[in-house]
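The values are calculated or read from the model by the stated rules, or taken from the named source; none is laboratory data. No experiment lies behind these values; they were computed from the predicted model shown. Positions of Cβ are backbone-derived with ideal geometry, glycine not excepted, and every protein chain shown enters the neighbour counts. Heads up: the accessible areas ignore ligands, DNA and RNA and are worked out on the full protein's heavy atoms, side chains in. Shrake-Rupley method; radii C 1.70, N 1.55, O 1.52, S 1.80 Å.
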Amino acid sequence: MKKKEYENCDIACFVRDTQTKDIIVEALSRLGEIHYRIFIGGVDQAIDFIKTVHVQVLCVDLSESPLLISDAETLVEFCPPDTKVVVLGAKND
């Protein structure tokens with residue numbers, strides 16, 4: 001992905017499908033004036049993103065990941081210490 005796609009956002013979300021994207025858009029729109037971007041993708045796309053641009057919050061949908069904890073740990077390794085990571089899943093364990 002090109003750096004230009006990622007510029008100027010406080011929150012970046014990577015989701016698996018358009019249904020999840022619509023839910024995230026609705027939730028984020030209630031927060032007021034924030035700059036956010038939502039992409040269809042998973043851990044690999046989020047890692048490519050975080051290597052290029054700094055954001056305050058990185059949200060990644062791992063609901064289809066067979067190795068949720070491992071994928072979350074891999075993602076966090078690439079994040080700066082001040083980036084908050086939100087992981088979405090199918091269950092609340």
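Note on I23: accessible area approximately 100 square angstrom, rounded to 10, probe 1.4 Å, nucleic acids and ligands left out. Residues whose amide H lies under 5 Å from that of C59, counting only those 5 or more places away or on a different chain, are A12, C13, F14, V86; hydrogens are built 1.01 Å from N in the peptide plane.
Across all directions, the average flat footprint of the convex hull enclosing the Cα atoms of the range 50-93 is 3.2 nm². Length gained on full extension, E33 to T74, computed as 0.36 nm times the residue gap minus the Cα-Cα distance: 11.7 nm. So, with a 1.4 angstrom probe, what is the percent of accessible area on the chain that is carbon and sulfur? C and S fraction of accessible area: 49 percent. Remark: the chain carries 65 Å² of accessible area per residue (probe radius 1.4 Å; ligands, DNA and RNA excluded). Mean separation of Cα pairs under 8 Å and 6 or more residues apart, divided by the residue count, gives the chain a relative contact order of 32 percent. Here the chain is assigned +1 on the Cβ of each Lys and Arg and -1 on the Cβ of each Asp and Glu. Its dipole about the Cα centre then comes out at about 220 debye. Sorting D48, D61 on solvent-accessible area from highest to lowest, probe radius 1.4 Å, gives D48, D61.
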